[in-house]
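Beneath this line is the structure, given in structure tokens, with notes to follow.
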Amino acid sequence: MQSNNLIFSYDMSKQFTAIAHPNIALIKYWGKRDSKLNLPAVGSISITLRDLFTKTSVEFDDQLTQDEMTLAGKLPDASDIKRVTEFLDLVRAQAKTTTFAHVISETNFPAQAGLASSASGFAALALASTRAAGLKLSKNELSILARRGSGSAARSLYGGFVEMKRGNTDDGIHDIAVQIHDEHYWPLDILVLITSEEKKSISSRDGMNLTRDTSPYYSAWVSSIDQDLRDMRNALAQKDFETVGEISEFNCLKMHSLIFSARPGIIYWNETTLALIQKIRELRSNGLSVFFTVDAGPQVKAICLPNHADRIERGLRTIPGIKKIIKTKLGPGAYLEHKNTALCPPAI
Ligand code: DP6
């Protein structure tokens, strides 16, 4: 993050707006090896979702005496303000400024309910705030910055199939996201099955820390992930839907078993979550191509081959307790609105 990224004599009073899409993990990130730099203990693989998004505008204003923000159409609570301000402090340090900012962010899906709103939120904030501060970062640099806001946010800078690498150095410069395949590589349908719009009881961040500190299974989780990553990369390279589904469900249930085994155990699911998982397995045994995954919340995502998606959706609608179904495909990485400005290519 060198100062030569600064666009000199830049007018800081311009507003920049960025759009980013959430992602769902096929191989989960759960656990940190460093909390300050937010370095993951494990690598992860995700898909970026086209039809859900966060849109964030940032403008620095030397009249402000603190950062002002509206998040998801509401005034944020103290912990959200702290998280966004600390993130903007990183941007200010890089841009060598002390100016505060206006931040307006909206999402078209329930925030903080296990639908990766922090992923799209910090990816959009990283892009909009750096450009508003006169910085032009490469995608690697943006991914390192977004990771400080939320580990999964680094992945939302890219579209399609994305891997977050676990680096081995203390400075985190190798803990970056890379695209494995773009959003056109393999057309899949994703049904996002919303079972609750409540804020989850414990954040991923607190859940990860509790799990690392108390679960007897934590080291087995960490040491088993490289194999899952290898298997998933191979299955994706072959577009082998059955194997992708098998590894994905295995990794998902392994993560939730780990989370259940914290002390006190954390249960992100509700009864509809479990009913949906069972229904997806039943539909599959009846010949439909579908598998599930669940992140840190009660929502279930059904990933399907497009020619089976309507029948799968009809089957899942019969489960009581579903609030809403959002059907989507794979989508692009983060981009700036109205500026027709592509992100810089990754640093070589
Ligand atoms: C279960 O990225 O929200 O969704 O880095 O602490 O902000 P922080 O965690 P976050 O964790 C996501 C956890 C997950 C799995 C995943 O997305 O890989």
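The values are calculated or read from the model by the stated rules, or taken from the named source; none is laboratory data. Since this is a predicted model, take the numbers as computed values, not measurements. Here the Cβ positions follow ideal geometry from the backbone for every residue, glycine too, while neighbour counts run over all protein chains shown.
Candidates in region 289-330 are the residues that are closer than 27 Å to residue 29 by Cα, among the small types (Gly, Ala, Ser) and in contact with a helix residue (DSSP H, G or I) (Cβ under 8 Å, 6 or more places away or on another chain); of these, the one that is surrounded by the most Cβ atoms within 10 Å (Cβ to Cβ) is 302.
Annotation note: of 155, 147, 166, the sole residue that is within 14 Å of the ligand (Cβ to nearest atom) and either part of a loop (DSSP other than H, G, I, E, B) or over 15 Å from the mean Cα position of the chain (by Cα) (or both) is 166. Please find, within region 122-140, the residue that is surrounded by the fewest Cβ atoms within 10 Å (Cβ to Cβ) out of those that are assigned to a helix (DSSP H, G or I) and either within 16 Å of the ligand (Cβ to nearest atom) or modelled with pLDDT under 95 (or both). It comes out as 140. Report those strands (runs of 3 or more DSSP E) wholly inside region 18-58 carrying at least 1 residues which are buried (at least 24 other Cβ atoms within 10 Å of the Cβ) and within 11 Å of the chain's Cα centre (by Cα). By residue number, 23-27, 44-48. Within the bounds of region 198-217, is there any residue that is away from the ligand (no atom under 16 Å from the Cβ) and within 19 Å of the chain's Cα centre (by Cα)? Yes; the residues of region 198-217 include at least one that is away from the ligand (no atom under 16 Å from the Cβ) and within 19 Å of the chain's Cα centre (by Cα). Suppose we filter 280, 267, 259, 202 for residues that are out of contact with any strand residue (DSSP E or B) (no Cβ under 7 Å at 6 or more places or on another chain) and buried (at least 21 other Cβ atoms within 10 Å of the Cβ); which single one remains? Selected residue: 259, the only one of 280, 267, 259, 202 that is out of contact with any strand residue (DSSP E or B) (no Cβ under 7 Å at 6 or more places or on another chain) and buried (at least 21 other Cβ atoms within 10 Å of the Cβ).
Which members of region 236-255 meet the condition of being crowded, with 21+ Cβ neighbours inside 10 Å and either touching a His at 6+ places or on another chain (Cβ under 8 Å) or more than 18 Å from residue 226 (Cβ to Cβ) (or both)? The answer is 236, 245.
Checked across region 190-198, the condition of being closer than 16 Å to residue 294 by Cβ, touching a residue at least 24 places away in the same chain (Cβ under 8 Å) and of a type in the set (Ser, Thr, Tyr) holds for at least one residue.
Within region 123-147, the set of residues being within 26 Å of residue 208 (Cα to Cα) and in contact with a helix residue (DSSP H, G or I) (Cβ under 6 Å, 6 or more places away or on another chain) comprises 123, 126, 142, 143, 145, 146, 147. Does residue 330 satisfy being within 16 Å of the ligand (Cβ to nearest atom) and within 30 Å of residue 136 (Cβ to Cβ)? Yes. The numbered conditions (1) touching a Lys or Arg at 6+ places or on another chain (Cβ under 6 Å); (2) more than 16 Å from the ligand (Cβ to nearest atom) are all true for residue 281 except (1). Within region 265-288, being touching a helix residue (DSSP H, G or I) at 6+ places or on another chain (Cβ under 8 Å), part of a loop (DSSP other than H, G, I, E, B) and free of Cβ contacts under 8 Å to residues at least 60 places away in the same chain holds for 265, 267, 269, 288. In region 152-169, the residues that are crowded, with 24+ Cβ neighbours inside 10 Å reach residues that are aromatic (Phe, Trp, Tyr) with C-beta atoms within less than 7 angstrom, at least six apart or across chains, in these pairs: 152/29; 153/122; 161/185; 164/29.
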